[in-house]
């Protein structure tokens, strides 16, 4: 059984992922690196909102940034983000397939 402190860490991580704006930013960055201007255009979010969300994602190790002159280029932190998305997609697909099978047999 995980310690109370570890359970709290788990909760904080999942709370981080429960914010739709952060998930949208992660999905955008999975498609390829982008600067904040491109993220504003893709999401419609304000610059301050994007910066705040990216900071939280960066502290959690889900995104990283690199300087390109005056621009900051953001990207998803490869394997971890891909594994998380794949795990969730597999679980959702299985659940929907089970629901469809139940509907078809009714």
Between residue 71 and residue 47, what is the spin-label point distance in nm, taking each point 7 Å from the Cα along the Cα→C-beta axis?
-> 1.5
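May I ask you to sort 22, 95 by Cβ crowding, counting other Cβ atoms within 10 Å and putting the fewest first? Before the final figure, lay out the partial values.
On the way: 22 19, 95 10.
Ordered from fewest to most neighbouring Cβ atoms within 10 Å, 22, 95 come out as 95, 22.
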Expected 222 nm ellipticity per residue - DSSP helices of 4 or more, -39500 (n - 2.57), all of the chain, to 500 | -23000 deg cm²/dmol
Checked against the structure, the computed P(r) over Cα pairs in 5 Å bins from 0, in percent among (1) 3, 14, 24, 25, 15, 9, 6, 4, 1, 0; (2) 2, 11, 18, 19, 15, 12, 9, 7, 4, 2, 1, 0, 0; (3) 2, 10, 17, 19, 20, 16, 10, 4, 1 is the one labelled (2)
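Quick one: which of 47-60, 79-92 comes out on top by average Cβ neighbours within 10 Å, and what's the full order, highest first?
On the way: 47-60: 15.4, 79-92: 11.6.
Taking the mean over residues of other Cβ atoms within 10 Å, the ranking is 47-60, 79-92.
Full extension from residue 82 to residue 98: what is 0.36 nm times the residue separation minus their Cα-Cα distance, to one decimal in nm? Let's see the in-between values first.
Working: separation 16, 0.36 × 16 = 5.76 nm, distance 2.42 nm.
Residue separation times 0.36 nm, minus the Cα-Cα distance, leaves 3.3 nm.
No lab work stands behind these numbers, since they all come straight from the coordinates. Everything quoted here is computed from the prediction, not taken from an experiment. In this analysis, Cβ positions are derived from the backbone assuming ideal geometry, glycine residues included, and neighbour counts consider all displayed protein chains.
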